[in-house]
Each structure stands twice: as structure tokens, then as C-alpha cells.
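Contents: one structure, followed by commentary.
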Amino acid sequence: MTEVAVGALAEIDDPGCREFSIGDGDWPLRGFVVRLDEEIYAYENICMHVGHRLNWQPDRFLTRDKSAIICASHGAMYKIESGLCFAGPCPGKKLRSLEVRVRNGEVYVTGGQPQ
């Protein structure tokens, strides 16, 4: 398992997201953090519907009103707080969460490269 610094909490919009990668080579673990109020959540950047990335543009994972995570391809919508899909093609499935913490104002995520 590897820990990476994602950036300063103060630099992430509220609500807002920031992407990160863990590992090198062709298959790093790609993920993102979501800030909502003073809470921070981290997920792998994999849609539970078809297994590809959720976003088409950097750091863009939220609906227009910023109330949920959305897959840009097929519109699956996930709750920010739990990663649970509540609308779209994969209701009941959950995004894979990652360990996240804030230390001294910096956001850190722990994870491993996919197998």
C-alpha cells in the first residue's frame, strides 16, 4: 500500500474533486477525492456500470448542482458520502472507496496498484 499527497484541503472546492494516481507504469490506480463541507471522501475512478473512468474532463466528477458523483458516459449517479449508485444503469452498486485522511491541512490517500 502506498500513501500519496493529493493536495491542500483548502485548494479543493467545497463541494469539489481532485484526481490522483498511485503507482507507475501502464496501470496505476486512478482515483479522486471529493470534498463536501469539512468531510473528504476518496474513490477509485472506475464506474461500476462498465468499468471505465467516470470523468471526461480533469477533476470533473459531480453533477451540475454538485450534489452527487456522476459518470460522464451513461449517467450513473452515486452518493458522495457512500459511493452508492442511486440512479442510472447500476443501482445498488458502490464505488470502491479508498482510505483518506487530512494531516496538517493536506489530503492523503492510501491504496495499492490494481492487480
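Looking at region 78-105 only, could you name the residues that are of a type in the set (D, E, K, R), in a loop (DSSP other than H, G, I, E, B) and farther than 17 Å from residue 14 by Cα? Scanning region 78-105 gives 93, 96. Considering every residue within region 64-77, establish whether at least one is within 10 Å of the chain's Cα centre (by Cα), assigned to a strand (DSSP E or B) and buried (at least 16 other Cβ atoms within 10 Å of the Cβ). Yes.
Can you spot a residue in region 19-29 that is modelled with pLDDT of 95 or more and in contact with a Ser or Thr (Cβ under 9 Å, 6 or more places away or on another chain)? No, the conditions are met nowhere in region 19-29. For region 15-43, the tally of residues that are in contact (Cβ under 8 Å) with a residue 40 or more places away in the chain, closer than 20 Å to residue 85 by Cβ and buried (at least 20 other Cβ atoms within 10 Å of the Cβ) stands at 7.
Total residues in region 1-56 satisfying the condition of being of a type outside the set (Gly, Ala, Ser), in a strand (DSSP E or B) and farther than 21 Å from residue 75 by Cβ: the figure is 12. Regarding region 15-24, can at least one residue be identified that is of a type in the set (S, T, N, Q) and touching a Phe, Trp or Tyr at 6+ places or on another chain (Cβ under 7 Å)? Looking for residues that are of a type in the set (S, T, N, Q) and touching a Phe, Trp or Tyr at 6+ places or on another chain (Cβ under 7 Å), one finds none in region 15-24, hence no. In region 1-59, the qualifying residues are those that are over 21 Å from residue 93 (Cα atoms) and among the polar types (S, T, N, Q), and the one that is nearest to the chain's Cα centre (by Cα) is 21.
The values are calculated or read from the model by the stated rules, or taken from the named source; none is laboratory data. In this text the structure is predicted, and so the values were computed from the model without any measurement. Neighbour counts run over all protein chains shown; Cβ positions are idealised from the backbone, glycine included.
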